[in-house]
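What follows is one structure encoded as structure tokens, with my remarks underneath.
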Amino acid sequence: MATTARLSHADVEEFGRELDRIRDEILASLGKKDAQYIRGVIAAQRKLELGGRVLLFASWLPPAWVAGTAALATAKILENMEIGHNVLHGQWDWMRDPKIHSTTWESDIVSPSAQWKHSHNVVHHTWTNVLGKDRDLGYTLLRVSPGQRWHPVYLLQPIYNVLLALVFEYGIALYDLEVERIPAGDKSLKETSTQLRAIAGKVRRQIVKDYLAFPLLAGPGFVPVLLANLTANLTRNVWAHTIIFCGHFPEGAEVFTEEQLEGETRGEWYVRQLLGSCNIDGGRLLHLMSGNLSHQIEHHLFPDMPSNRYAEIAPRIRALCERFGLSYTSGSLARQTGSVYKRILRLAFPGPRQHAEPAAPPAPDLQAVI
């Protein structure tokens, strides 16, 4: 890691010990207020969803349609970002509440929780931004690092990235299948078929709920309610895509090679998580609606720490980075979004590679946007 070349091994390990102390301190202090927080968010999310759906029964009135759609979209974003994502990380398992537990929660999105937890919690959070290991690096679809071999299909990535944003939950569900492992014999067709059936079950439930049941309940308001539900789902997809991409692909997010991982220590793992992630500056509302992934750095350092504590530790992490001379990349939502789209546009074209290419880079997987 060029950024840490001036740090001694002792410095890196001391950096790691400082982070361990922060983590231990926060986890030891978890209690009633934290439990009240997540239960309060879940209660608010459910009230927003109920209120939105009730308003949409009067969707022939434009104000009711706008208010109902906005409430429903907000509820879906909260469920996906601040609740589902973080519950599935095990952030609230310490409460031992079977209703808010990583082993029982099933999010509203079409990705089955078991499949998502493997591809995200296990693969991505272990191999963050490691070329050839982290499949989230471009989602096997986009070229977001000069170290990825260029292919003519990438010329279209500014277009299919926009399409991916619109259908993001479906793209992630297909991406979680890891279909590229099938030709190599690393995954059986039977396992893939089982996973596809699980995805199909969740897709069916979403279609029945959002595009049949509630529109039918609205009677003559069938079409406005259907369009409202579609708008809410599209809004959630675009928002999730924006927040996730801003946390991983802006300028300043470093990419690593497998060789750099050889003999990686706890301190070096922390440094890699830090340098491979970017934050989004904003207020409490942005942090809430982003699932606190606006604190992507803190999330990657401590993925099982309750998200409501990230804002508390962020100044301490930034100060620690300044002390050790490490980059702490952060910027406004507009700045980070612009940086991401600039990178996607620039790397659509061939250019010099900055990192050694892995022996067998994954081919672009166009199924992710089909």
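The values are calculated or read from the model by the stated rules, or taken from the named source; none is laboratory data. Note that the structure is predicted; figures quoted are calculated from it, not measured. Because the Cβ atoms are built from the backbone with ideal geometry, glycine has one as well, and the counts that use them run over all protein chains shown.
Here are the numbers:
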read-out: Candidate set: region 150-164, residues that are within 15 Å of Lys342 (Cα to Cα) and aliphatic (A, V, I, L, M); chosen: the one surrounded by the fewest Cβ atoms within 10 Å (Cβ to Cβ); value: Ile159
read-out: Residue count for region 107-121, restricted to those that are without any contact (Cβ under 8 Å) to a residue 40 or more places away in the chain and either more than 23 Å from Ala75 (Cα to Cα) or over 13 Å from the mean Cα position of the chain (by Cα) (or both); value: 2
read-out: Pair list, Cβ under 7 Å, 6 or more apart: region 152-181 residue free of Cβ contacts under 8 Å to residues at least 60 places away in the same chain, other residue of a type outside the set (Ser, Thr, Tyr); value: Glu178/Lys187; Arg181/Lys187
read-out: Residue that is crowded, with 24+ Cβ neighbours inside 10 Å, at pLDDT 95 or above, in a helix (DSSP H, G or I) and hydrophobic (A, V, I, L, M, F, W, C), where the choices are Leu274, Leu286, Leu320; value: Leu274
read-out: Count of residues meeting criterion [among the hydrophobic types (A, V, I, L, M, F, W, C), surrounded by 19 or more Cβ atoms within 10 Å (Cβ to Cβ) and in a helix (DSSP H, G or I)] in region 289-314; value: 5
read-out: Search result, residues across region 175-195 that are hydrophobic (A, V, I, L, M, F, W, C) and either within 19 Å of Asp136 (Cα to Cα) or at pLDDT 95 or above (or both); value: Leu177, Val179, Ile182
read-out: Test result for Thr128, on the phi < 0 side of the Ramachandran plot, of a type in the set (S, T, N, Q) and part of a loop (DSSP other than H, G, I, E, B); value: yes
read-out: Region 95-116: number of residues that are hydrophobic (A, V, I, L, M, F, W, C), modelled with pLDDT under 95 and closer than 17 Å to Arg46 by Cβ; value: 1
read-out: Given (1) surrounded by 14 or more Cβ atoms within 10 Å (Cβ to Cβ); (2) over 29 Å from Leu320 (Cβ atoms); (3) touching a residue at least 24 places away in the same chain (Cβ under 8 Å), index of the condition Phe222 fails; value: (3)
read-out: Within region 165-193, tally of residues that are in a helix (DSSP H, G or I) and either of a type in the set (Gly, Ala, Ser) or loosely packed, with under 12 Cβ neighbours inside 10 Å (or both); value: 6
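Residue-wise test of (1) surrounded by fewer than 18 Cβ atoms within 10 Å (Cβ to Cβ); (2) of a type outside the set (D, E, K, R).
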| site | (1), (2) |
| --- | --- |
| Asp11 | yes, no |
| Arg17 | yes, no |
| Ala43 | yes, yes |
| Glu49 | no, no |
| Leu61 | yes, yes |
| Thr69 | no, yes |
| His85 | no, yes |
| Lys99 | yes, no |
